[in-house]
Amino acid sequence: MNEQTDSEALATQAARGGWAADFVTRPSAPPLYQTTAFDLDDLGQLDDVVSGKSQGYIYTRDGNPNQEAFASDVARLEGAEAGVACSSGMGALTATLMALLKSGDHLVAARVLYGRTGQLLNHLQNSFGVRVTFVDANRPDEFAAAVTPETKLAIVESVSNPLLEVADLPAIAAAVGSVPLLVDSTFATPCLLRPIDHGATLVWHSASKYLNGHGDVMLGVIVGPSASIRRIKGLSSLYGVNSNPYECWMASRGLRTLPLRIERVSASAQTLAEFLASQPQVGRVYYPGLPTHATRQQAERLLTRGCGGMLSFELNGGRPAVDAFFRELAETIPFSPTLADARTTLSYPAGTSHKFMTAAERAACGISDGLVRLSVGLEDAGDLRRELSAGLACL
Ligand SMILES: *Cc1c(COP(=O)(O)O)cnc(C)c1O
């Protein structure tokens with residue numbers, strides 16, 4: 001704490017201000033450490049903090065208490081040893097790929113992935129000489145067949161975007177053997193599924209989605225074995241895809257209600273999926289809680305606590321019907337190209353998350369021009385059903 005004296009000039013007093021008096025009572029909510037760096041007493045203290053002999057922080061790009069609080073909370077929820085938070089989901093993926101791969105290495109990935117994930121893997125392949133084999137996530141034998149001595153990583157989504165296919169993680173983990181399995185578990189969250197319990201090595205989240213859960217943060221997190229996380233954290237700082245204290249502080253707050261939110265959205269989504277499946281304007285409904293879903297058997301084994309808040313459905317009228325439906329619902333269930341907000345939102349995979357694919361690639365992934373994705377929020381399920389019904393009635 002800086003002692004100010006009357007002899008200091010106003011400029012000196014102003015520049016060194018901002019401190020509360022020392023106090024012994026602890027804050028009852030976690031403080032925000034919105035600081036670029038941490039002051040050091042002397043060079044000995046620097047050595048002790050760098051070597052890990054003393055607990056401390058130096059520069060926020062390398063580490064910050066809010067980053068550590070959030071990442072270690074997610075690690076605990078996922079049953080992992082350690083975690084690191086990055087600038088966004090894509091930032092966490094970038095740090096991970098840079099830490100685990102080099103030119104000439106090979107990776108195996110599911111063909112159906114979040115659009116930007118597939119785009120990043122193609123970029124690594126085209127610009128950095130990393131070889132990528134895309135396989136059918138529902139065919140563990142294809143993962144096994146793709147593995148070579150150069151294979152350093154396998155990537156899959158536990159619940160896929162946007163068709164909600166549940167990956168058979170134990171079979172895929174067995175198929176890739178000693179190759180680390182990285183699972184994007186953004187849609188499932190640790191409340192529904194803990195991939196590490198089923199053989200995954202690393203679990204990755206866009207914390208911009210459910211972990212924060214209020215649609216006001218960009219953040220990513222990756223958890224797994226301490227040695228890998230230490231390396232990923234180093235690369236995250238080197239490439240500058242580190243998280244910022246405020247985002248981590250916000251997301252830590254979001255985590256406190258995660259189980260309650262996931263329970264609520266799972267129950268509402270199940271009700272709405274059943275309702276939509278009975279509507280004449282609607283073609284296929286994709287929700288793992290429906291008996292007709294392609295991966296219902298995996299869902300029964302792996303998603304034992306509910307199937308989550310995401311569902312997709314086809315409007316029979318294709319793109320024009322989607323446009324009319326979105327316009328009708330703009331005031332109640334907005335078209336917003338994100339998911340897992342507290343409020344319910346609609347999205348259009350062919351025009352947002354998967355617009356970087358060719359029409360043929362989209363068709364191969366089952367993403368048609370009439371496909372709409374619904375991210376069910378915390379509203380009353382009866383209100384949502386009534387609003388969706390009004391939207392369908394105008395088609
Ligand atoms: C949003 C999302 C990402 C990317 O995360 P950002 O935080 O937007 O960078 C990755 N995977 C899935 C499944 C997502 O929904």
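The values are calculated or read from the model by the stated rules, or taken from the named source; none is laboratory data. Because the structure is a prediction, the values reported are computed rather than measured. A quick note on method: Cβ atoms are made from the backbone with ideal geometry, for glycine too, and the neighbour counts reach across all protein chains shown. Each accessible area value is taken on the protein alone, full model and side chains, heavy atoms only, with ligands, DNA and RNA left out. Shrake-Rupley method; radii C 1.70, N 1.55, O 1.52, S 1.80 Å.
Determine the distance separating the Cα centre of segment 159-236 from the Cα centre of segment 287-364; give it in Å without decimals. Comparing the Cα centres of segment 159-236 and segment 287-364, I get a distance of 20 Å.
Tell me which trypsin sites (Lys or Arg not before Pro) from segment 54-121 have a DSSP coil assignment and no more than 14 other beta carbons within 10 Å of their own. Kindly include the intermediate steps, with their values, before the conclusion.
On the way: sites: Arg61, Arg76, Lys102, Arg111, Arg116; in loops: Arg61, Lys102, Arg111.
Sites meeting the loop and neighbour criteria: Lys102.
Rounded, prolate or oblate: which fits segment 216-352 when a ≥ b ≥ c are the square roots of the eigenvalues of the alpha-carbon gyration tensor, with rounded for a/c under 1.5 and prolate only if a/b beats b/c? Because a/c hits 1.5 or more and a/b exceeds b/c, segment 216-352 counts as prolate. Across Leu276, Leu339, Leu311, mean-square fluctuation computed from a Gaussian network of the chain (C-alpha pairs under 10 Å connected) peaks at Leu276. The accessible area of Met357, taken with all protein chains in place and a 1.4 Å probe, comes to roughly 40 Å². Of Lys355, Lys53, the order by accessible heavy-atom surface (1.4 Å probe, DNA, RNA and ligands excluded), from most exposed downward, is Lys53, Lys355. Each residue was assigned an accessible area with a 1.4 Å probe, and for Met250 the value is about 30 Å². One Cα centroid belongs to segment 4-59, the other to segment 69-130; the line between them spans 34 Å.
Quote the relative contact order of the chain in percent (integer), defining contacts as alpha-carbon pairs under 8 Å separated by 6+ residues. RCO, the chain: 17 percent. At 222 nm, what value in deg cm²/dmol follows for the chain if DSSP H runs of at least 4 each add -39500 (n - 2.57) and the sum is divided by all its residues, to the nearest 500? Only helices count here, giving -11500 deg cm²/dmol.
Restricting the calculation to alpha carbons of segment 4-123 gives Rg and Dmax of 21.0, 69 angstrom.
Give me the 1.4 Å probe accessible area per residue for the chain, excluding ligands and nucleic acids, in Å². Walk me through the numbers on the way to the answer.
On the way: 18270 Å² over 395 residues.
Per-residue accessible area for the chain comes out at 46 Å².
As a calculated quantity, the FRET efficiency between Ala14 and Ala37 at R0 = 22 Å, using C-beta atoms, amounts to about 0.65. Each other residue within a Cβ distance under 11 Å of Trp204 adds +1 if Lys or Arg and -1 if Asp or Glu, for a net charge of -3.
Amide H to amide H, with H built 1.01 Å from N, Gly377 comes under 5 Å of Thr344, Thr345, counting only residues 5 or more places away or on other chains. Temperature 37 °C, viscosity 0.692 mPa s: under these conditions the Stokes-Einstein estimate for the chain, based on its Kirkwood radius over C-alpha pairs, is 146 µm² per second. Bridgeable lysines around Lys209 (alpha carbons under 29 Å apart, same-chain partners fewer than 8 residues away excluded): Lys152, Lys233, Lys355.
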